[in-house]
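In what follows, a single structure is set out as structure tokens and then discussed.
The values are calculated or read from the model by the stated rules, or taken from the named source; none is laboratory data. Small disclaimer: the values here were computed from a predicted structure and weren't measured. So basically every Cβ, Gly included, is an ideal-geometry build from the backbone, and we count neighbours across all protein chains shown. What goes into the accessible areas is simple: the full protein's heavy atoms, side chains included, and nothing from ligands, DNA or RNA. Shrake-Rupley method; radii C 1.70, N 1.55, O 1.52, S 1.80 Å.
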Amino acid sequence: MNPVDPEEFRKQGHMIVDFLADYYTKVSNFPVRSQVEPNYLRKHLPDSAPLVPEPIESILEDVQEHIIPGITHWMSPNYYAYFPSSGSVAGFMGEMLSSGLNVVGFNWISSPAATELETIVMDWLGEVLKLPQQFLYKSSNNNGGGVLLGTTCEAVLCTLVAARDKKLRQIGRDNIGKLVVYGSDQTHSSFGKAAQIAGKGIQNVRAIKTKRSNSFALKADSLLSTIHSDVKNGLIPIYLCATVGTTATTSIDPLMELCDVAKEYEIWVHVDAAYAGSACICPEFRSCIDGIEGANSFSFNAHKWFLTNLACCCLWVKDHNALTKSLSTNPEFLRNKASESKQVIDYKDWQITLSRKFNALKLWLVLRSYGVENLRNFLRSHVNMAMTFEGLVKLDKRFEIVVPRKFSLVCFRVSPYNNNNWDDNYHNGHDDYGKLVNDDYLVNELNRKLLESINNSGKVYMTHGEVEGAFMIRFAIGATLTEEHHVIMAWKLIQEHADSLLGSS
Ligand code: PLP
């Protein structure tokens, strides 16, 4: 057996590339959200692993027959759920190169190019985003810099641990129970999880209330009054997770004002721009991160909306010593001259795990293959399609836009107010089981039904969000293959399903 036989690699590699190329041409024909039932796969696969080799041909047949039906097609042009994940040829090729070389670049000596390319590419991308110089390795006296992690959850956890330890070094570890961290009720759930994982678990996690009247952004005065009351109660603020492009509605927390408040209390500010960070490479969106100079760290997911195949989260920090003081390890087997010279970065000390992929190759290929101008135009095309979709929704009086669109996500729902057939459709205030319920409940249920019937059709896939108790449908444009005609088709489909539930417009 030679598991890296070059001829086998060539043959099988071509087969897989052909398989995927065919998949991309056919992907719009598959039901976007997989329609299988739970545990479907066990019925199709043997109970135990094979003892003897099987040919790639029969494995690929099984992929086609049994795996593809259980795939939700994130690469479909009709995919509008969550935030899409935009794969690309360059992203795939970068991943393939990285997997093929199979280096584990935990420290500089384990693969110097992996470390050095990462530092350079993160400086490039930081410059494209117009991040302040302190976030760039080359222009911060090597204090700042960027690192590639898997996901935003890791970025939040690493920076939270750094902030925690920075404070505990000043006040003593016994005070861990007094630490308090801040986000809003729109902050991603990974924040609460990171606080849980950090040490014994940071018990004081504030999810400060936001309001629709303020587009669900975290207001600086709400942050300040929450901090005041915590400080009065003897607690110690350490960390704020501000979001640019929240998951539910893409709202934008005002960084400048929040950072001013945070500065007063020496609070570490992390800016989570998991989805919307990509858009900030366009000059017209850069103002969304105005005030970033007051933050300590910033991250976005290149695998969401930057043509970089999963997983690739870009994190920049102003002071990487804060990370390494918390996250570095120095076992004997990793000791080497380069690390001891302090001339090199060992990225293992900027992240949770030791082993790491050569993800910089992927991002490098994306930046070089498309160029910044094309990447900007790719993002703009999605924003334009979202504007078109928003316009179509506004023309149909049965629907309302729940929050004004900012990027390529449109949040909409069947409006409780504009429906002539309201009483017929809502059984005069009773649910499907005849129970008397309030209007808010009924309108939410109607939107839920509408979404489910559309997704069951398999023709498009959208997911939902909820703000101030209102269930809304999220139409998130960002899949690589989506074009305007797909968006128009999706809107027609939504209207057809609304016709059956509500009666025609
Ligand atoms: N933060 C925001 C604003 C998000 O929208 C998401 C995912 O959609 C995340 C964090 C979580 O990202 P990840 O899965 O990379 O941890």
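Reported count of residues in the stretch 85-100, each being surrounded by fewer than 24 Cβ atoms within 10 Å (Cβ to Cβ) and within 16 Å of the ligand (Cβ to nearest atom), is 2. Scoring GLY145 on the criteria (1) small (Gly, Ala, Ser); (2) on the phi < 0 side of the Ramachandran plot; (3) open to solvent by less than 30 Å² (accessible area, probe 1.4 Å) leaves a single failure, condition (2). Considering the stretch 138-196, the residues that are within 15 Å of the ligand (Cβ to nearest atom) and of a type in the set (D, E, K, R) include one that is farthest from CYS314 (Cα to Cα), namely ASP185. All but one of (1) surrounded by fewer than 17 Cβ atoms within 10 Å (Cβ to Cβ); (2) farther than 23 Å from ASN301 by Cα; (3) touching a residue at least 40 places away in the same chain (Cβ under 8 Å) hold for TRP108, so report the exception by its number. Condition not satisfied by TRP108: (1). Each residue in the stretch 282-308 was checked for being closer than 16 Å to ALA242 by Cα and part of a loop (DSSP other than H, G, I, E, B), and 4 of them qualify.
For the stretch 255-276, enumerate the residues that are within 16 Å of the ligand (Cβ to nearest atom) and either open to solvent by 20 Å² or more (accessible area, probe 1.4 Å) or out of contact with any Ser or Thr (no Cβ under 9 Å at 6 or more places or on another chain) (or both). Once the filter is applied, which keeps residues that are within 16 Å of the ligand (Cβ to nearest atom) and either open to solvent by 20 Å² or more (accessible area, probe 1.4 Å) or out of contact with any Ser or Thr (no Cβ under 9 Å at 6 or more places or on another chain) (or both), the stretch 255-276 yields LEU255, LEU258.
Yes/no per residue for (1) open to solvent by less than 10 Å² (accessible area, probe 1.4 Å); (2) modelled with pLDDT of 95 or more; (3) away from the ligand (no atom under 16 Å from the Cβ):
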site: ILE289; (1), (2), (3): yes, yes, no
site: TRP305; (1), (2), (3): yes, yes, no
site: LEU310; (1), (2), (3): no, yes, no
site: LYS318; (1), (2), (3): no, yes, yes
site: LYS325; (1), (2), (3): no, yes, yes
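Per the conditions (1) on the phi > 0 side of the Ramachandran plot; (2) in contact with a Ser or Thr (Cβ under 7 Å, 6 or more places away or on another chain); (3) not aliphatic (A, V, I, L, M), the sole criterion not satisfied by GLY245 is (2). Of all residues in the stretch 17-60, those being under 29 Å from PHE92 (Cα atoms) and assigned to a helix (DSSP H, G or I) number 19.
Given the conditions (1) assigned to a helix (DSSP H, G or I); (2) at pLDDT 95 or above, which single one is not true for PHE471? Single failed check for PHE471: (1). Under the condition of being among the hydroxyl-bearing types (Ser, Thr, Tyr) and surrounded by 14 or more Cβ atoms within 10 Å (Cβ to Cβ), the residues counted in the stretch 191-227 number 4.
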